[in-house]
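These notes are about the structure you will find just below.
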Amino acid sequence: MAHDVFISYSTRDQATALAVVNGLESAGIRCWIAPRDIKAGDVWAQAIVSAIAASRAMVLVFSSHANRSSHVVNEVDAAIRKGAIVVPFRIEDVMPEGAMEYHLRTRHWLDALTSDQSRHIGELVATMKGLLGQPAGPRAPETEFGPLPPKSAPAPSPSKGRPVIQSTASGFHVKLPKPSRLSPRAAKLIAGVAVAAVALIAATRYFGGTRPLEGVAFDVREATAGSEFRTTVTAKSMRFFESARGIPAFGNRVYGSRFAAAQTRYVNTEVVLELEAPGRTLQIPVGCTIFNRAGGVTGTFTLENRISANSTSWQNASGWGADRPGSWKPGPYRVECRYGDRLIARNRFEILD
């Protein structure tokens, strides 16, 4: 079903989320909500990713449960990175914390804290109608401070006889002098230089974005009643291994970065974290995304790290694939893992034909 709005919520707030859907759809606003709109046989995470990508807006049913849900945080993160409008619908008098605070601190939310639910949903409907009434089209990239200003037109080249390379949102373009002004030999030489320059830039952008990233230190903060806990964690490494559905125990994994398509079932991503013993149980949800060669999202998953009080090193792994080999398309893939909006680890693997 085509839809305009993705509904993000904690399962503990399902009754409110369904009331929101009923209100929006009664007003003609098409919604997508799990599990209603997940088809039988679909991979749950892939269905979520696809639905967010196809949405113009997200309504976040925000509560203390959503605040602590790594799955909701991942959904909000995916929506923001896709450029969708995010409208928090706050149903509990709590403030966002951790990664959720980073995402929502500059966004206006609608409060629905009293028992008059129908009135609050009516306000939400009016808000969404106004937002969705804007013409659909490519959305400008945003920062936490709002949309980026439009790029000014590139300045003309001071030398008409040299190729001009200008960066745009869709890539790099080369402007060559008109052939009539140059000898065929000179034109051929300039064309060759321009093609080489574009190839070099493209290669730099592709491989630069897939270089392994490890050893990143990041701060973890947990606020509790009357106190705040902070610690620094380092993402030591990211490695890959192939397996069936069940993940092999640590120490029994065969690591690699190149896997044959005909034999590959699940490609597992393992992230190792290092820290000083926290002295308390620590929750560090890490959201990971798998990208294909074209930059499209192949899948997302969350590493739920529940670190014990005396631990100084922690590893977690999750797999993406199918029970039978052959589901992976040949080509390079990169995996990026984030704590909130902070990129903490990146690596790549390749599926061989």
**Message:** Return the residues of the stretch 8-29 that are more than 17 Å from A126 (Cβ to Cβ) and in contact with a strand residue (DSSP E or B) (Cβ under 7 Å, 6 or more places away or on another chain); say none if nothing qualifies.
**Reply:** S8, Y9, D13, T16, A17
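Is it true that some residue in the stretch 335-351 is without any contact (Cβ under 8 Å) to a residue 40 or more places away in the chain and either within 24 Å of E97 (Cα to Cα) or in contact with a strand residue (DSSP E or B) (Cβ under 9 Å, 6 or more places away or on another chain) (or both)?
Residues of the stretch 335-351 that are without any contact (Cβ under 8 Å) to a residue 40 or more places away in the chain, as a first pass: none.
No; the residues of the stretch 335-351 include none that is without any contact (Cβ under 8 Å) to a residue 40 or more places away in the chain and either within 24 Å of E97 (Cα to Cα) or in contact with a strand residue (DSSP E or B) (Cβ under 9 Å, 6 or more places away or on another chain) (or both).
Kindly establish whether E274 is in a strand (DSSP E or B) and over 25 Å from G326 (Cα atoms). Write out each step before concluding.
On the way: in a strand (DSSP E or B): yes; over 25 Å from G326 (Cα atoms): yes.
Against the criterion (in a strand (DSSP E or B) and over 25 Å from G326 (Cα atoms)), E274 qualifies.
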**Message:** Which of the helices (runs of 4 or more DSSP H) found entirely inside the stretch 1-79 contain at least 2 residues meeting this: of a type in the set (A, V, I, L, M, F, W, C)?
**Reply:** 14-26, 44-53
**Message:** For the stretch 98-121: of the residues being closer than 15 Å to V61 by Cα and acidic (D, E), which is modelled with the highest pLDDT?
**Reply:** D111
**Asked** Right, A262: within 23 Å of F349 (Cα to Cα), aliphatic (A, V, I, L, M) and assigned to a strand (DSSP E or B) or not?
**Response** no
**Out of R105, R30, R56, sole residue that is free of Cβ contacts under 8 Å to residues at least 40 places away in the same chain, farther than 21 Å from G287 by Cβ, of a type in the set (K, R) and outside the structural domain of F301 (by TED's automatic domain parsing)** = R30
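Just wondering, is there one or more residues in the stretch 318-331 that are of a type in the set (A, V, I, L, M), closer than 29 Å to L275 by Cα, assigned by TED's automatic domain parsing to the domain that holds P278 and touching a strand residue (DSSP E or B) at 6+ places or on another chain (Cβ under 9 Å)?
At the first step, the residues of the stretch 318-331 found to be of a type in the set (A, V, I, L, M) are 322.
When the remaining residues are screened for being closer than 29 Å to L275 by Cα, the result is none.
For the stretch 318-331, residues of a type in the set (A, V, I, L, M), closer than 29 Å to L275 by Cα, assigned by TED's automatic domain parsing to the domain that holds P278 and touching a strand residue (DSSP E or B) at 6+ places or on another chain (Cβ under 9 Å): absent.
In this structure, does S69 turn out to be modelled with pLDDT of 90 or more, assigned by TED's automatic domain parsing to the domain that holds T127 and of a type in the set (S, T, Y)?
no
Yes or no: A78 among the small types (G, A, S) and at pLDDT 90 or above? Talk me through it step by step, then tell me what you get.
On the way: among the small types (G, A, S): yes; at pLDDT 90 or above: no.
No: the conditions fail for A78.
Kindly indicate whether I247 is touching a residue at least 12 places away in the same chain (Cβ under 8 Å), among the aliphatic types (A, V, I, L, M) and either assigned to a strand (DSSP E or B) or more than 21 Å from S70 (Cβ to Cβ) (or both). Spell out the reasoning first.
Numbers: touching a residue at least 12 places away in the same chain (Cβ under 8 Å): yes; among the aliphatic types (A, V, I, L, M): yes; either assigned to a strand (DSSP E or B) or more than 21 Å from S70 (Cβ to Cβ) (or both): no.
When the stated conditions are applied, I247 does not pass them.
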**Item:** Residue in the stretch 336-353 that is nearest to G295 (Cα to Cα), counting only those that are among the hydrophobic types (A, V, I, L, M, F, W, C) and exposed (fewer than 15 other Cβ atoms within 10 Å of the Cβ)
**Value:** L343
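Could you tell me which residue of the stretch 290-316 is surrounded by the most Cβ atoms within 10 Å (Cβ to Cβ), considering only residues that are assigned to a strand (DSSP E or B) and modelled with pLDDT of 90 or more? First the steps, then the outcome.
So the first thing to find is which residues in the stretch 290-316 are assigned to a strand (DSSP E or B), and the list is 290-291, 297-307, 313-316.
From the residues that got through so far, the ones that are modelled with pLDDT of 90 or more too are 307, 313-316.
Details: I307: 22, S313: 11, W314: 19, Q315: 16, N316: 19.
In this case the residue turns out to be I307.
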**Prompt:** Which of the residues belonging to the stretch 317-333 are modelled with pLDDT of 90 or more and in contact with a Lys or Arg (Cβ under 6 Å, 6 or more places away or on another chain)?
**Reply:** P325, G331, P332
**Prompt:** Are any of the residues in the stretch 317-335 under 22 Å from the mean Cα position of the chain (by Cα), buried (at least 20 other Cβ atoms within 10 Å of the Cβ) and closer than 17 Å to R81 by Cβ?
**Reply:** yes
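Given the structure, is W44 among the aromatic types (F, W, Y) and surrounded by fewer than 16 Cβ atoms within 10 Å (Cβ to Cβ)? Before you say what the answer is, go through the steps one by one.
Values: among the aromatic types (F, W, Y): yes; surrounded by fewer than 16 Cβ atoms within 10 Å (Cβ to Cβ): yes.
Criteria met by W44.
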**Request:** Can you give me the number of residues within the stretch 113-132 that are outside any helix (DSSP H, G or I) and of a type in the set (S, T, Y)?
**Result:** 2
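Could you tell me whether any residue of the stretch 210-230 is over 23 Å from the mean Cα position of the chain (by Cα), hydrophobic (A, V, I, L, M, F, W, C) and part of a strand (DSSP E or B)?
Step one: list which residues in the stretch 210-230 are over 23 Å from the mean Cα position of the chain (by Cα), which gives 223-230.
Now restrict to residues that are hydrophobic (A, V, I, L, M, F, W, C): 223, 225, 229.
Next, from what is left, pick out any that are part of a strand (DSSP E or B): 223, 229.
Yes: the stretch 210-230 contains one or more residues that are over 23 Å from the mean Cα position of the chain (by Cα), hydrophobic (A, V, I, L, M, F, W, C) and part of a strand (DSSP E or B).
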**Prompt:** Got at least one residue in the stretch 250-257 being out of contact with any strand residue (DSSP E or B) (no Cβ under 8 Å at 6 or more places or on another chain) and either loosely packed, with under 13 Cβ neighbours inside 10 Å or not assigned by TED's automatic domain parsing to the domain that holds G340 (or both)?
**Reply:** yes
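The values are calculated or read from the model by the stated rules, or taken from the named source; none is laboratory data. No experiment lies behind these values; they were computed from the predicted model shown. Using ideal geometry, Cβ is built from the backbone for each residue, glycine included, and neighbour counts are taken over all protein chains shown.
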